[in-house]
1. Does any residue of region B:539-554 turn out to be surrounded by 22 or more Cβ atoms within 10 Å (Cβ to Cβ) and touching a strand residue (DSSP E or B) at 6+ places or on another chain (Cβ under 7 Å)?
2. Quick one: would you say residue A:75 is touching a helix residue (DSSP H, G or I) at 6+ places or on another chain (Cβ under 8 Å) and part of a loop (DSSP other than H, G, I, E, B)?
3. Applying the selection to region B:145-169, what residues are in contact with a helix residue (DSSP H, G or I) (Cβ under 8 Å, 6 or more places away or on another chain), within 13 Å of chain A (Cβ to nearest Cβ) and farther than 21 Å from residue B:98 by Cα?
4. Can you name every residue in region B:89-101 that is without any contact (Cβ under 8 Å) to a residue 40 or more places away in the chain and at the interface with chain A (Cβ under 7 Å from one of its Cβ atoms)?
5. Tell me yes or no: at least one residue of region B:358-366 is in a helix (DSSP H, G or I) and touching a residue at least 60 places away in the same chain (Cβ under 8 Å).
6. If residue B:110 satisfies every condition in (1) modelled with pLDDT of 90 or more; (2) more than 20 Å from residue B:180 (Cα to Cα); (3) assigned to a helix (DSSP H, G or I) but one, which is the exception?
7. May I ask you to verify whether residue B:70 is more than 10 Å from every other protein chain (Cβ to nearest Cβ) and out of contact with any strand residue (DSSP E or B) (no Cβ under 8 Å at 6 or more places or on another chain)?
């Protein structure tokens, strides 16, 4: 059994949070390296584990786009080191404040690079979570009352590949009849039969799920049912009101307590609602000591970097104007390395069946 | 175990009950086969067992259905989930989760079984169905037979006392079908599970049945009896029964083995009558006005009539005949798709008027070959030279149909093929005489839809006609009509290539059989030569009368008369 997927998500999102606390490229690179090392040592050979590469590519694309925008549109950073001057396209008066082309300064580029790198790191951390934890297994860890929602998402996820296969098949059929199969029109014509097919399959699946006992419920006294509804609805209202209070200026006093009470009521409602569900779980992922350690290592990185950003903002946000070479602040860097802990705690265990997997 | 008491089902808006007067009981531990032509309500009857009819489908059920003592009127399908397991034709629409192990556990999770029990049963079921090596595999990557086995396993884990299967093998190749049937046999023998199963391909399943429940025609009351009794009167029957009826064997043999033991006389008789001519080309037989076999059906097939000059026929003639001597020529063809060698160094020539059956297990490259011939897939290397237009009827004929009515479908087909307006409609009227213009293609039966798709493809006057798995979901009557139709087309000079799992169809129709394995041609020759030597592709008549080379009952009947 692998590690609880929730632990991986907590770890990755903590690294992501840490990334938002700094623009120091050396620290960001260290964060990326940490996540990459853990992914490489801990991921399994399941199909979703390959998504890391896709996320890395996406992150690179984001970085590039950020740089291109900085070059083409300029930025408000006052810079003195002009690298190149692009021809500037004069814009009419109403487009004041927007500049196309013009001077490209080193400061602009470096600023865009730092900023883009931060976003890229965040994306890569999400990618690490995706490739380390099976997203559908995470859904299975939802509380019983949210089970129906989890199933809906799992079904939707397995339907996507079916839809793609349907589109390909129908486009081939259109070609057989010598009709246009590319472009918007072709896609529109294929769309209706694809939707029809998806609908039919959904009905068949619903019948199958019904016949296999989906939605069997235990008898719950009406009193408990009504309490559940009241708690859940009241709790959600409380959460809304509390959030509103926190965000407005006048509600500073009542905002937080209302939010907390609402949250507690909603959670209690969910817990009570879980009583109706008969379901048991097959081989549930256990939240064990390793899961605690993995989640804690991530949380420690996030907490320490937040602290560092507070104590030593200069090191975590190296200056752009004037240009200075970023230095590696020692103890925040050591804190980032804490994130490597999972690589030693939770290397992917190879189950005996997967080893002799036929090619 | 399963008990129907004077049950009738009427769907909303239907003028008459789909099934009525159903009154029978399936005893515990028996495998009962449900047979009957298409559209007699087999699926409705099966659905009534699991409670999906009427709770899920709507409609009115009169009478009473009880399963293991539970009345389906008061129990919803989900409350019957622990006593009835239901498996349909398409395993992919049955799966809720994404890996084998989770799928096996799903039903038990819904029932709320204890984790230790679930773990033990999953392991037992993996062993029982031979799925242990596949436990972590994503379901989408399994073969058809494996998927069907997982589907059966997924309803077995809650230990139901009855299993209901709706055509579990119709989408499978012969070997995969045997895999699934062997599992069912084992369940009945070892676990005492009661099985109620509907299946069109009787030649595959009849020998496993303890009893047969026959629905002779829509609305008629079903008849339950021993397989031999029912087969003597049934409108649908496998070739072995047909041969038994022809030779007047009593009781009727149901297995190839039984029939072989009785067939000594028949073999001798055939040898005397037909002594020096073992079997000539199928061409001679094709010229017969009508296949003799189909006469025995309650609904005679629609005769296509004499090939008198007809509008579309003239038109086809009027176009200059293709210069090539071949309907298609394939040289050193290789196709690589997604890093998989789907076809490698294939050499073929197909002559006009020839009917070729391409056979082989699922994934052997049959569909790829057809798609390459029609030009949907480009060869990676080698060359495909069609002699004229090529038309393909895909595995799912519905994919070819877009319009709301048959008439609109025909109009667009004419436009696409740049044929004279009315060409397609004339073809449809000829192939499907009693179809109204405003029928929605979705309301047609499986066989009618196939024929409509065929008419649309024929509008473009292809000299080479390709069909991918044409008999999937067709009953014997619809299959006989298809055979007549294709023979007629071949007589008019169309070359026909069929990719099929149906060995009986290939025996009936094909002049030549090509066997594919892993993308390579492993046998190519006259039907009789190729199938006689193959244990899984030999039709029943061949197996019974070996070493003589007979393929179909029609041939035997003709030789005897």
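1. no
2. On the way: touching a helix residue (DSSP H, G or I) at 6+ places or on another chain (Cβ under 8 Å): yes; part of a loop (DSSP other than H, G, I, E, B): yes.
So residue A:75 fits the description; yes.
3. B:159, B:162, B:163, B:164, B:165, B:166
4. So the first thing to find is which residues in region B:89-101 are without any contact (Cβ under 8 Å) to a residue 40 or more places away in the chain, and the list is B:93, B:96, B:101.
The answer is B:93, B:96.
5. First, the residues of region B:358-366 that are in a helix (DSSP H, G or I): B:366.
Next, from what is left, pick out any that are touching a residue at least 60 places away in the same chain (Cβ under 8 Å): B:366.
Scanning region B:358-366 turns up at least one residue that is in a helix (DSSP H, G or I) and touching a residue at least 60 places away in the same chain (Cβ under 8 Å).
6. It fails just one condition, (1).
7. On the way: more than 10 Å from every other protein chain (Cβ to nearest Cβ): yes; out of contact with any strand residue (DSSP E or B) (no Cβ under 8 Å at 6 or more places or on another chain): yes.
So residue B:70 fits the description; yes.
Let's see how each residue does on (1) at pLDDT 85 or above; (2) within 21 Å of residue A:295 (Cβ to Cβ):
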site: A:7; (1), (2): yes, yes
site: A:19; (1), (2): yes, yes
site: A:41; (1), (2): yes, yes
site: A:46; (1), (2): no, no
site: A:66; (1), (2): yes, no
site: A:74; (1), (2): no, no
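The values are calculated or read from the model by the stated rules, or taken from the named source; none is laboratory data. The structure displayed is predicted, hence computed values, not measured ones. Virtual Cβ from ideal backbone geometry, glycine too; neighbours counted across all protein chains shown.
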